[in-house]
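Encoded as structure tokens, the structure appears first; notes follow it.
Laboratory data are not the source of any read-out in this text; all were calculated from the coordinates shown. Remember, it's a predicted structure, so these values are computed and weren't measured experimentally. For neighbour counting, all protein chains shown are included, and Cβ atoms are generated from backbone atoms with ideal geometry for every residue, glycine included.
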Amino acid sequence: MFNIFSKKNKEKHTFKNETRPYQSEFVSDQTLSNDLHKNISIIKESFADTADLVCKTINWNEKNGFLLYLETLVDNELIENHIIKPIKQAQGQPIIEVITALDVKESMKLSEIVKALTSGFCAFLLPKSTKVTLIKVSKQHNRPPEEPFNEQVIRGAHIGFIEDLNTNINIIRNQVQNPKLKVEYITLGKTVSTKVAIMYFDDLANKELITKVKERIQSISADFIQIPGYIQEYIEDRTYSPFPQTLNTERPDRLIANLMDGRVGIMMNGTPTCLIAPSTLISFFQSPDDYNGRVMIGSFYRFIRVFSFFVTIGLPALYIAVVSFHYESVPVELLFAIKSSLEPIPVPPLLEAIFMAVTLELIREATIRLPNPVAQTIGVVGGLVIGNAVVDANLVSNMMIIVIAITAISSFIMPSTEMSTTIRLLSFPLMLAAALFGLIGIVIGFLIIVIHLCKLESFGSPYFAPFGPLRWKELKDTIIRFPTWMLNSRPKDAQTAYRTTQAENPREWDEKNE
């Protein structure tokens, strides 16, 4: 046997020191020389002689220039119409005046040229010149802005963000059309650069909030930032809190509504998800459908969502506590039904609940990962087969199946998938507390959750507002919502410059009729 860790092979298998952050070796600020072929060689070496780097010869004023580009990133039709044809038709004019593309610039630094090529630019090099002309001819593969699957509404706009940042900002600007809507760009990632946009109303958003958001984002020092979840973990106040402290959305109307409340939107290129800061607990229960329908209907469904929050967290724990400790509080007829259902079960109610809750999560995860036709079959057939099998095998009682089913349906009512997962996660420690201490354990568990919510902050704003601290005027849009003409002030958590949103009495016509 050969031992690769023997003394003879130690030198062959030495590894680089990995204590420093990884940085690509092609990132260099060196300036190009007058030697054309040397410059081309340097650029090719920077790309490790990749196969999709094209070097094409173009004659200009009896000189052979070279056009370099990554063929996988550029549009060949744009190159032909905006670069090659104008250069061939030029008669002694400067290159930068001849090219008809919109984005044309010059550079002498290798790092800028390499970065431009990886962003869909072409580089045109001429003999005895230290300047390189960079022309943007990137290829676009944008899908249409369709309604997001996880935030569908019955009434309202059926449009959502896509993976292109410019298109997303275009959607917002088309709907807002306000010159005070400000966009600031920040580039993150040392190895793989990602463009991040911060959006807010300059005359409305709190300056301290804007500074805090920018400082937290600019302080991120990482090789690459791929998804908004990375940014969320870097900038949120409490990483280990089960509650999300920034609101995720793919709906432009939801982002605009929060921007009008003085909040800040964080978007990045390559993903349709937008982060909204600061956020409160009640914002995860709100849906655009609440405001698109009648007041009573919107209030009813808002109340159902808040009620489902307590059902998802507390119903399994309440069942365990009643069966284990407080069976005398159940009516006699129902007690006999529960007792007959539990008699053949060899395991305690806690293990029943955990087994069914975990099984439900497995089915849910499987339906997400599988293709849609197969996922629907697995969800229906798997639930029926497993449910019947565990009951027939006397592993789980019928009452526990009903409790877990109601709990699952209640968790899926939430408009935010992140909050839906959070409340299902919180049900497990409450089940354990109920199995150990009964109703007292449930009360203590809820108190711990409430204390945590009162202490939690999102960018310096209280997360549990307007319940903690209690703000009576802001309760109009919480568990139930009042008519729109009565919501005449913005929430205080964002500390906006202007609190008033409408006239003191926007229904003057009603007074005139009286």
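Between I227 and D510, the FRET efficiency estimated from the beta carbon spacing at R0 = 51 angstrom works out to 0.55.
If each of S119 and E45 carries a label point 7 Å out from its Cα toward its Cβ, how far apart are those two points in nm? Between S119 and E45, the simple spin-label model gives 2.5 nm.
Distant-in-sequence amide contacts of E457, defined by a placed amide H-H separation under 5 Å and a gap of 5 or more residues or a different chain, comprise Y463. Note on the range 377-507: Cα-Cα pairs beyond 25 Å make up 50% of the total pair count. The label-point distance for L436 and K214, in a model that sets each label 7 Å from Cα toward Cβ, rounds to 4.8 nm.
Using 0.36 nm per residue and subtracting the Cα-Cα separation, the extra length available between I479 and T187 on full extension is 101.2 nm. Of the residues F161, F224, L126, the one whose Cα sits farthest toward the positive end of the charge dipole of the chain, with +1 on the Cβ of Lys and Arg and -1 on the Cβ of Asp and Glu, is L126. Remark: the range 362-369, residue by residue, has Karplus-estimated 3J(HN,Hα) of 5, 5, 5, 5, 5, 5, 6, 7 Hz, where x stands for each Gly or Pro and the curve is 6.51 cos²θ - 1.76 cosθ + 1.60 at θ = phi - 60°.
Distances between placed amide hydrogens fall under 5 Å for V330 paired with no residue 5 or more residues away or on another chain. Karplus-based coupling profile of the range 409-420, in residue order and whole Hz: 4, 5, 5, 7, 6, 4, x, 9, 5, 5, 5, 4, with θ = phi - 60° in 6.51 cos²θ - 1.76 cosθ + 1.60 and x standing for Gly or Pro. Taking Cβ atoms as reference points and 9 Å as the exclusive limit, the residues near Q140 contribute a net charge of -1, counting Lys and Arg as +1 and Asp and Glu as -1. Among T422, M399, I354, whose Cα lies farthest out toward the positive end of the dipole of the range 294-462, if unit charges sit on the beta carbon of Lys, Arg (+1) and Asp, Glu (-1)? So the residue furthest toward the plus end is T422. Computed over neighbours whose Cβ is under 15 Å from that of S411, the net charge equals 0, Lys and Arg +1, Asp and Glu -1. Note on the chain: along the principal axes its Cα atoms extend 101, 94, 42 Å, ordered by decreasing extent. Rounded to the nearest 20 debye, the dipole size of the range 410-507 about its Cα centre is 260 debye, using +1 on the Cβ of Lys and Arg and -1 on the Cβ of Asp and Glu. The tail of the calculated P(r) for the range 402-455, taken as Cα-Cα distances beyond 16 Å, holds 51 percent of the pairs.
Please give the charge dipole size of the chain, origin at the Cα centre, charges +1 on K and R Cβ atoms and -1 on D and E Cβ atoms. Round to the nearest 20 debye.
1120 debye
Cα centroids of the range 475-502 and the range 406-430: 27 Å apart.
With viscosity set to 1.002 mPa s at 20 °C, what whole-number translational diffusion coefficient in µm²/s follows for the range 100-139 from Stokes-Einstein and a Kirkwood radius over Cα pairs?
Estimated diffusion coefficient is 210 µm²/s.
The string of couplings for the range 61-67 from the Karplus curve (6.51, -1.76, 1.60, θ = phi - 60°) is 6, 6, 10, 8, x, 10, 10 Hz, one whole number per residue in order, with x for Gly and Pro.
Site pair S33 and T417 shows an inter-label distance of 5.5 nm when each label is modelled 7 Å from Cα along Cα→Cβ. Ranked by the mean number of other Cβ atoms within 10 Å per residue, highest first, peptides 274-284, 200-210 order as 274-284, 200-210. Computed as a quarter of the hull surface, the mean projected area of the alpha carbon convex hull for the range 149-279 stands at 8.1 nm². Between the Cα long axis of helix 439-455 and the first principal axis of the chain there is an angle of about 30°, rounded to the nearest 10. Put the Cα centre of the range 101-165 next to the Cα centre of the range 326-397 and the gap is 51 Å. Around the Cα centre of the range 294-462, unit charges on the Cβ atoms of Lys, Arg, Asp and Glu (plus for the first two, minus for the last two) sum to a dipole of about 520 debye. Taking amide hydrogens as placed 1.01 Å from N in the peptide plane, the amide H of K190 sits under 5 Å from those of A222, D223, F224, each at least 5 positions away in sequence or on another chain. L259: net charge of surrounding residues, Cβ under 13 Å, Lys/Arg +1, Asp/Glu -1, itself excluded? In short, +3.
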